[in-house]
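Here is the structure we will look at, set down as structure tokens.
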Amino acid sequence: MQSIHTDRLILRNFKATDAAGLLEYTSNPRVNCFLDGKMNTLEEAIAEVQKRINDDSHIAVSLKETDELIGELFLMQEERDSDTFNIGWNFNARYEGKGLARESAEVLLEYLYMQKGARRLYAYVEDDNFRSQKLCEKLGMRQEGCMMEFVTFTKHPDGTPKYENTYMYALLKWEWLKRKESPSI
């Protein structure tokens with residue numbers, strides 16, 4: 001991916017120097033869906049960064065002034081030639097409340113709609129992940145529904161799966177364009 005600069009951020013491919021930053025926000029996942037990506041050692045983070053260096057489906061988000069990794073955006077195209085993408089994000093808690101996730105996600109939407117030919121973007125958000133729900137809404141995404149007991153990432157004390165309710169948010173290109181024309185919407 002060609003790097004994209006905003007006022008405060010750089011969106012780019014991962015690089016070897018990102019391992020410590022990746023470890024910081026993956027060593028203690030705050031959202032259950034990231035539990036399978038939990039990393040416990042710098043060696044694990046180094047190995048993961050090596051996998052992501054040429055992987056455009058994981059976009060590193062770093063501070064423009066220092067190039068410090070603060071989070072990531074990710075995307076998955078439905079099928080090879082599809083115009084539908086599943087999107088998401090994972091950020092270091094130290095940088096919450098500063099609008100950085102929104103700033104980077106807005107760039108991701110622009111990139112997918114204008115350069116990758118996206119027609120529809122959607123995101124899955126667990127019903128207790130209020131920050132991501134709010135971000136989806138700020139991006140103009142609409143909640144399309146709630147899938148009850150959709151997925152499990154954790155277990156109850158007795159070892160049985162604990163299923164989570166998951167919201168689906170989506171945004172069509174024409175909705176995004178209309179919103180850009182009238183930012184007050």
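The values are calculated or read from the model by the stated rules, or taken from the named source; none is laboratory data. Model, not experiment: these values are computed from the prediction. Glycine also receives a Cβ, built like all others from the backbone with ideal geometry; neighbour counts cover every protein chain displayed. In case anyone asks, the SASA skips ligands and DNA or RNA and just uses the protein heavy atoms, side chains included. Shrake-Rupley method; radii C 1.70, N 1.55, O 1.52, S 1.80 Å.
Worth a mention:
- Within the stretch 26-37, the set of residues being among the polar types (S, T, N, Q) and open to solvent by 90 Å² or more (accessible area, probe 1.4 Å) comprises 28 only.
- Checking each residue in the stretch 60-116 for being acidic (Asp, Glu), modelled with pLDDT under 95 and under 25 Å from residue 19 (Cα atoms) picks out only 96.
- Some residue of the stretch 136-152 being in contact with a Pro (Cβ under 7 Å, 6 or more places away or on another chain), at pLDDT below 95 and either within 16 Å of residue 31 (Cα to Cα) or polar (S, T, N, Q) (or both): yes
- Restricting the stretch 38-59 to residues that are touching a Ser or Thr at 6+ places or on another chain (Cβ under 9 Å) and surrounded by 12 or more Cβ atoms within 10 Å (Cβ to Cβ), the residue that is modelled with the lowest pLDDT: 39
- Some residue of the stretch 15-25 being open to solvent by less than 30 Å² (accessible area, probe 1.4 Å), closer than 20 Å to residue 99 by Cα and either outside any helix (DSSP H, G or I) or out of contact with any Phe, Trp or Tyr (no Cβ under 7 Å at 6 or more places or on another chain) (or both): yes
- Matching residues, the stretch 1-12, being open to solvent by 30 Å² or more (accessible area, probe 1.4 Å) and in contact with an Asp or Glu (Cβ under 7 Å, 6 or more places away or on another chain): 1, 8
- Qualifying positions in the stretch 36-66 - among the polar types (S, T, N, Q) and assigned to a strand (DSSP E or B): 62
- Residue 180 fulfils the conditions (1) touching a Ser or Thr at 6+ places or on another chain (Cβ under 9 Å); (2) part of a helix (DSSP H, G or I) except for a single criterion, (1).
- Between 13, 28, 54, the distinction of being without any contact (Cβ under 8 Å) to a residue 40 or more places away in the chain and out of contact with any helix residue (DSSP H, G or I) (no Cβ under 6 Å at 6 or more places or on another chain) belongs to 28 only.
- All positions within the stretch 156-174 that are surrounded by fewer than 16 Cβ atoms within 10 Å (Cβ to Cβ), modelled with pLDDT of 90 or more and outside any strand (DSSP E or B): 157, 158, 159, 160, 174
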